[in-house]
Amino acid sequence: MTEEKKPEERKKRRTATEAAASIGPMVKAMITDVQKAREEGKPIAFTFIACAYDEIIRAMDIVPSWVENYAGICGAKRDAQRFLERAESLNFSRSLCTYALCGLGFDSWREELGEMPPDAPWGGQVKPTVMLGSGQILCDPRNKWFQAAQHYMPDVPVYDVSLPYPAYADDYDFHETEGYYVKHIVEQLRGLIDFLEEQTGHKMDWARLEELVDLVDRTYDLIVDTYDLRRAIPTPMGTGDAMNTMVPIQFMMATQQAYDFFTNLNAELKDKIARKEGVIEDEKYRLIWGGGLPSWFALGDFNYFNSKGAVFPVETTYRTLESTRDFDIDLKKIKDPLEHIAWRWVKTWTYWYDKARKRPGSHPDVERLIQYIEDFKIDGIVMHEAFSCRSWHVGLIWQLNHLKKIYRDMPSLILESDIIDISSYNEADTRARIDAFIDTLEAVKDR
Amino acid sequence: MSAENSTGGLAIVDKYYQGYGSRARELKKQGKQIMGYLCAFTPVEIITAAGFVPFRIKGDVNEPITKADTEMETIVCPLVRSWFDMSLKGKYEFLDGLVISHACDSMARSKDIWKYTLGLPYFHFIDTSHAIDDSSLDFFVSILGTFRKSLGGFIGQEISDESLAQAIRVYNENRQRIWDLYELRKSDPPLLSGAEMTRVLVAAMGLPVQESIKLLEGVITEVKQRQPAVGAKLPRIMVVGAEVDDAAFIELIEDAGASVVTDDLCPGGREYRAFVKTEGDPVAAIAERYLRGIMCGRSYVEQKGTYPEYLEQRFGHIARAAKEYNVDGIVLYIYKYCDPFGFEVPAMKSYLEAQGIQVLYLEDEYSMSTVGRLRTRIQAFLEMLGTR
């Protein structure tokens, strides 16, 4: 690596919880485990978060390599630019998903060299055995990224799992469509298992799968219970920490380690609440991180909010789960593990639909904001528009406009940057906007 | 003869192209119901069978996007933003409803912005699968069944198999007329310019299908009467990309000294290549045509065979069209923020170049403000083709 390409030295970010502080080593161990698996000849799958195949991969003893995680690490270490530039040199537009561009830049470079790119963050992302894409309503790059990656790894097969969920609609009852969504998802997951058995030689352990399905249900419920503890005033944990604790949710689901992590976090939060220990001593403004993935290279901005007396007791980002106890069906009665996964998927993504139908003109995304605003006693909303990601960042402006229309006007701020492309970020401008937002919050409080 | 001094089909094309939406507005005044839609993945047969006039939303490269930015992020593909901007500015005030298909993130993720901001009497989102395997096709049949039921509920009447079958026949006929017109571009020089063809396609997508057929027949008759031009033969270009609903870019290429003789675009070669089967269940036939017939970057084609064979599966139709139309070079024209096509570029370009086809890749923003930069790149490409 040339001198000018070295990532900028950064101070370690302050976390409120010990659990969040423990995440860094866990992630590093996860990356090392994948590298070790490669050396041992174990099957490795490139995987995406929120794809409903966690239990399947674990039950088949296939090692997941979370590509969004590795891109995020490059971003957090402020070392993504050289991989983004390499992808651009291959004719990928810089306006595309930068997670994908980082991964494509890295993988193509590794394949060209026949070894890891120089100074690869945390030893690098190894070549997988298979790549598991996903076609669904969530994100185009999930079915395009691995297809594009095959151009540099033509011997690595791809399986694309279709994982749709019903759209929120006024012109028909979405409940009437749930059955055929579930049927389709089950067929897709069966296809995935057939593919993995054929490509890796590993057979599905159906008894293990059933155990893991139950473990995921319990982990979902535990996470919801744990995050609900953050309603306390002062809140014992903020979104800055939640951007760490998303790791067991997104990358370790269907493992005992994830369950244990949240058991410990739950205990830690209860302890803090009992001692009235908050993220900050003098909590002036309670905010919701109401949409958008974070800038991984600028998580210190959460500390900057804290320095102004603002905390984030709740966020919508990375809460891709709901309490299974609150579903309108009893999941425990669904014994077939694939059907169970499919119903959990559909019920999770449609969780806010019936609630939204009860409020005239509402919409699930807005209804969720309203519920969190009330439950967590929120004073203002912060969102982040990452330029390279349409999946999670289109509709933010509209949600704020609609919230004002059907609920009430609230101070809001939409930050603009990217998930990992640091060239889109200006710290001075960002902090000036945060300052102005804090002034607004202050003015509203004084009214 | 150019469209400017035509009194036949091309003159009507010009009228409807310049005044896009004028016919739908007239029909609305006459009591017809107009159903707006985005993109080629909307099954217009079902809309027509329900008694609506389907009307495709179009953008305008000359109109700066202003109003849209108050509701929709600028990271949405500029084409979709332009469509939304035109809609907000009242260009399509005659619409009774809107149907959006899950073609790409820019459309799918903005669906609620469209729905709640425009507040039209009817709105439906078609959750079109990305995958095209058997399970996805069965799923898509169910999705279209829901759409059929929803639309039937809106009009207070079930949409019959007979009306669907009739709509299928008439749209197939429309597609055939378009291909007849494409045939007239095979001669060298072509009898119809690329810009004229784009104007025809755009004008047609704003008309009831029966009127579109009549218009196409008029254009075919007129173009067939043309005498082949004499003089130096120009490089023959194919344009490949997402949706091009404005002739400006095609004119730019042709003004630089080339003939655009075919394309893999919407509206255009990609969209009209596939026909709907006329036997069996009409909804199943429609589902198969839309899911598997339209070879678009937004769909996931399952790999069969080796990787080179996979490239042939995905892009072979483009190479075959290039050969069929005796193309000298391909312009790969991709909008900024277009994930489905943006991720295709390296693989598609290398595949086409391996077939001996020269490729120019351009990224653009659906705006006339970029014309100068594009012109320079196109001129250099044409010069390079000329020296080969």
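The values are calculated or read from the model by the stated rules, or taken from the named source; none is laboratory data. None of the values given here were measured: they were computed from a predicted structure. Counting neighbours? That spans all protein chains shown, and the Cβs are built from the backbone with ideal geometry, glycine included. Note: accessible area is taken over every heavy atom of the protein model, side chains too, but ligands, DNA and RNA are not part of it. Shrake-Rupley method; radii C 1.70, N 1.55, O 1.52, S 1.80 Å.
Is it true that A:Ile434 is of a type in the set (Val, Ile, Thr), farther than 14 Å from A:Trp289 by Cα and more than 10 Å from chain B (Cβ to nearest Cβ)?
On the way: of a type in the set (Val, Ile, Thr): yes; farther than 14 Å from A:Trp289 by Cα: no; more than 10 Å from chain B (Cβ to nearest Cβ): yes.
When the stated conditions are applied, A:Ile434 does not pass them.
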Could you please find all residues in the range A:206-261 being among the hydroxyl-bearing types (Ser, Thr, Tyr), assigned to a helix (DSSP H, G or I) and within 29 Å of A:Ala342 (Cβ to Cβ)?
A:Thr219, A:Tyr220, A:Thr226, A:Tyr227, A:Thr245, A:Tyr259
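When the residues of the range A:401-412 are filtered to those that are open to solvent by less than 30 Å² (accessible area, probe 1.4 Å) and in a helix (DSSP H, G or I), which remaining residue is nearest to the other protein chains (Cβ to nearest Cβ)? Reasoning before the result, please.
Restricting attention to the range A:401-412, the residues satisfying the condition of being open to solvent by less than 30 Å² (accessible area, probe 1.4 Å) are A:402-403, A:410-411.
Keeping just the survivors that are in a helix (DSSP H, G or I) gives A:402-403.
Working: A:His402: 6, A:Leu403: 12 Å.
Among those that are open to solvent by less than 30 Å² (accessible area, probe 1.4 Å) and in a helix (DSSP H, G or I), it is A:His402.
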Considering only residues of the range A:137-159 that are in contact with a Gly (Cβ under 8 Å, 6 or more places away or on another chain) and open to solvent by 10 Å² or more (accessible area, probe 1.4 Å), which is farthest from the other protein chains (Cβ to nearest Cβ)?
A:Tyr159
Counted residues in the range A:421-446 being more than 19 Å from A:Pro411 (Cα to Cα) and either touching a strand residue (DSSP E or B) at 6+ places or on another chain (Cβ under 6 Å) or part of a helix (DSSP H, G or I) (or both) come to 6
Based on what the data block shows, is B:Glu279 away from every other protein chain (no Cβ under 14 Å) and either buried (at least 16 other Cβ atoms within 10 Å of the Cβ) or among the hydrophobic types (A, V, I, L, M, F, W, C) (or both)?
no
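Sort through A:Asp241, A:Asp228 and tell me the only one that's open to solvent by 30 Å² or more (accessible area, probe 1.4 Å) and closer than 29 Å to A:Ile414 by Cβ. If you could, list the steps in order and put the result at the bottom.
Numbers: A:Asp241 fails: open to solvent by 30 Å² or more (accessible area, probe 1.4 Å).
None of the others qualify; the one that does is A:Asp228.
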As an exercise: evaluate A:Leu415 against (1) of a type in the set (A, V, I, L, M); (2) open to solvent by 40 Å² or more (accessible area, probe 1.4 Å); (3) part of a strand (DSSP E or B) and give the number of the one condition it does not meet.
(2)
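Just to be sure, is B:Leu151 of a type outside the set (D, E, K, R) and buried (at least 24 other Cβ atoms within 10 Å of the Cβ)? Quick ask: steps written out before the conclusion?
On the way: of a type outside the set (D, E, K, R): yes; buried (at least 24 other Cβ atoms within 10 Å of the Cβ): yes.
Considered against the rule, which asks whether it is of a type outside the set (D, E, K, R) and buried (at least 24 other Cβ atoms within 10 Å of the Cβ), B:Leu151 comes out as yes.
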Among the numbered conditions (1) free of Cβ contacts under 8 Å to residues at least 60 places away in the same chain; (2) in contact with a strand residue (DSSP E or B) (Cβ under 6 Å, 6 or more places away or on another chain); (3) facing another protein chain (nearest Cβ under 10 Å), tell me where B:Tyr351 comes up short.
(2)
Name the single residue, out of those in the range A:364-394 being of a type outside the set (A, V, I, L, M, F, W, C) and buried (at least 24 other Cβ atoms within 10 Å of the Cβ), that is nearest to the other protein chains (Cβ to nearest Cβ).
A:Arg390
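Do you know which of the residues in the range B:153-165 that are of a type outside the set (A, V, I, L, M) and more than 9 Å from chain A (Cβ to nearest Cβ) is nearest to the chain's Cα centre (by Cα)?
Restricting attention to the range B:153-165, the residues satisfying the condition of being of a type outside the set (A, V, I, L, M) are B:153-154, B:156-158, B:160-163.
Add one more test, that the residue is more than 9 Å from chain A (Cβ to nearest Cβ), and what stays is B:156-158, B:160-163.
Values: B:Gly156: 31, B:Gln157: 30, B:Glu158: 29, B:Ser160: 28, B:Asp161: 27, B:Glu162: 27, B:Ser163: 25 Å.
In this case the residue turns out to be B:Ser163.
Hey, can you tell me all the residues within the range A:162-182 that are more than 8 Å from chain B (Cβ to nearest Cβ) and in contact (Cβ under 8 Å) with a residue 40 or more places away in the chain?
Here is the first cut: in the range A:162-182, the residues more than 8 Å from chain B (Cβ to nearest Cβ) are A:163, A:165, A:173-175, A:178-179, A:182.
Of everything in the range A:162-182, those that are more than 8 Å from chain B (Cβ to nearest Cβ) and in contact (Cβ under 8 Å) with a residue 40 or more places away in the chain turn out to be A:Leu163, A:Tyr165, A:Phe174, A:Glu178, A:Val182.
Of these, A:Ala45, A:Ala50, which one is outside any loop (DSSP other than H, G, I, E, B), open to solvent by less than 30 Å² (accessible area, probe 1.4 Å) and closer than 25 Å to B:His130 by Cα?
Working: A:Ala50 fails: outside any loop (DSSP other than H, G, I, E, B).
The unique qualifying residue is A:Ala45.
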Do any helices (runs of 4 or more DSSP H) lying entirely in the range B:37-152 carry at least 3 residues that are within 10 Å of another protein chain (Cβ to nearest Cβ) and among the charged types (D, E, K, R), and which ones are they?
B:111-118
